[in-house]
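Accompanying notes for the structure given below.
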Amino acid sequence: MIHLKLFEADYYEKRDGKKIHCLLCPRSCIIQLGNLGNCNARKNNDGVLYALGYNRFTSVHDDPIEKKPIYHYKPGTYTMSFGSAGCNLSCLHCQNFTISQISAENNNLIEVSSQHAIDLSRKHNCETIAYTYNEPLINFEWIRDTGKLAHENGLGNILVSNGLINEKPLEELFGIIDAANIDIKAFTEEFYKNVTAFPGLNRIKKNAIKMWENDIHIELTMLLIPEHNDNPSEIRQFAEWVKESMSDRVPVHFSRFYPHYKMQHVPATPVETILNAKKIAEAAGLKYVYTGNLPFSEINTTKCTACDAVLVDRTGYHIKKKDLNKEGKCGKCGNISDIAM
């Protein structure tokens with residue numbers, strides 16, 4: 001185990017008896033002396049709250065940006081990805097439970113400073129840094145500090161998150177985060193309460209809208225689980241919300257569920273459910289709807305909305321063709337696309 005260097009957290013209040021009220025996310029933990037918050041990443045040490053994930057990671061890897069998934073921001077590039085430990089949700093179906101449901105305190109983590117993250121990004125020819133794998137927002141301070149340094153060094157910042165954070169810390173990330181994929185677990189608070197352990201959908205929806213309004217490139221992902229969040233009417237409501245609250249041009253990804261963690265008794269999502277969700281969202285007016293986790297090599301093509309020419313031709317995470325200039329204009333008709341280069 002590495003020596004744990006304590007980094008004081010932001011967004012908390014001290015209470016009587018050396019208790020702490022954490023103000024980072026809506027779970028609003030009251031943390032007793034010596035204890036961790038629900039996220040397992042913030043600890044009350046002698047009446048001071050510490051961010052245990054600062055400079056400490058379980059996972060470091062260079063990934064295709066399409067793996068996040070991010071399709072409309074710097075397509076075909078690589079992103080240096082960092083994941084720590086812990087999460088402020090406890091999803092029964094978590095695919096990364098080996099890192100999201102552990103403590104950031106008691107595990108043998110990799111030490112990576114902000115400057116080291118920049119150096120790794122350059123070494124691996126990455127144009128961006130991605131805060132991902134577990135829930136990155138519980139490591140808010142490292143994202144803020146590293147994100148600022150990334151911009152100073154000409155790198156972009158990508159957030160892959162459940163979107164559960166309070167308004168003030170989120171606002172501090174405006175101008176730092178360039179692109180985000182927000183995981184909308186379902187479109188009912190009942191699902192969030194029963195499957196994720198916290199009914200945070202309304203806050204997450206507001207946060208997604210705030211990010212979009214503040215010029216963060218937004219994409220949304222929904223993992224469809226049989227008989228839990230795959231009802232066609234729920235999918236339609238989700239798509240209509242995206243169109244009405246943000247834009248019909250916000251990319252949406254529907255992914256297939258496979259039995260995992262505490263939901264191994266639930267069958268894999270039928271392929272037809274995913275394909276039908278795509279049809280429903282497109283019928284609701286969304287321009288860019290993609291699929292994920294299908295058992296065959298997926299073809300997720302992005303076409304020009306003006307002339308229908310192929311802008312980006314993808315097979316899985318691999319881009320076979322990209323017909324865009326440096327300004328993101330269609331190579332055929334010159335129309336300004338919805339893809340940021």
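With no solvent and one point on each alpha carbon, what is the Debye value of log10 I(q)/I(0) for region 56-295 at q = 0.08, 0.09 Å⁻¹? With no solvent term, the Cα-only Debye profile gives -0.28, -0.36. Across region 12-51, C-alpha contacts under 8 Å between residues 6 or more apart give a mean separation that, scaled by the residue count, equals a relative contact order of 32 percent. Please determine, in degrees from 0 to 90 and to the nearest 10, the orientation of helix 232-245 with respect to the longest principal axis defined by the Cα atoms of the chain, where the helix direction is its Cα long axis. For 232-245 against the chain, the angle is about 90 degrees. Between ARG42 and GLY37, LEU52, the built amide H atoms are under 5 Å apart, and every one of these is 5 or more places off in sequence or on another chain.
At R0 = 22 Å, how high is the FRET efficiency between HIS151 and CYS307 if r is their beta carbon distance? Nearest 0.05 is fine. Present the calculation step by step, with values, prior to reporting the outcome.
Working: r = 35 Å, r/R0 = 1.58.
My answer for the efficiency is 0.05.
Dipole orientation for the chain: of the candidates HIS318, HIS72, GLY156, HIS318 has the Cα lying most toward the positive pole (charges on Cβ; Lys, Arg +1; Asp, Glu -1). Here the Gaussian network model covers the chain, with springs between Cα atoms less than 10 Å apart; of THR58, THR269, THR305, THR305 fluctuates the most. With 21 Å as the limit, the listed pairs LYS74/LYS320; LYS148/LYS287; LYS243/LYS322 have LYS148/LYS287; LYS243/LYS322 beyond it between alpha carbons. Placing unit charges on the Cβ atoms of the charged side chains and taking the dipole of region 56-295 about its Cα centre, the candidate lying farthest along the positive direction among VAL250, ILE177, LEU109 is VAL250.
Summing Cβ point charges (Lys, Arg +1; Asp, Glu -1) relative to the Cα centre of region 12-51 gives a dipole of roughly 40 debye. If R0 equals 56 Å, the separation of the Cβ atoms of HIS318 and ASN45 corresponds to a calculated FRET efficiency of about 0.75.
Rounded to the nearest 20 debye, the dipole size of region 257-341 about its Cα centre is 160 debye, using +1 on the Cβ of Lys and Arg and -1 on the Cβ of Asp and Glu. How much net charge surrounds PRO69 when only other residues with a Cβ under 11 Å from its Cβ are counted (Lys, Arg +1; Asp, Glu -1)? Result for the neighbourhood of PRO69: -2. Given +1 at the Cβ of Lys and Arg, -1 at the Cβ of Asp and Glu and no other charges, the dipole of region 297-341 around its Cα centre is 140 debye to the nearest 20.
Sorted by packing (mean other beta-carbon atoms within 10 Å per residue), highest first, where do 158-165, 127-134 land? Before the final figure, lay out the partial values.
Working: 158-165: 26.2, 127-134: 24.8.
In descending order of packing, they fall as 158-165, 127-134.
Selection among PRO199, ASN55, LEU23 by position relative to the dipole of the chain gives ASN55 as farthest towards the positive end (Cβ unit charges, Cα centre). When the P(r) of region 12-51 is calculated, the portion above 17 Å amounts to 11% of the C-alpha pairs.
Rule-based calculations on the coordinates, nothing more; no lab input. All values derive from a computational prediction rather than experimental measurement. Note: ideal-geometry Cβ built from the backbone for every residue, glycine included; neighbour counts use all protein chains shown.
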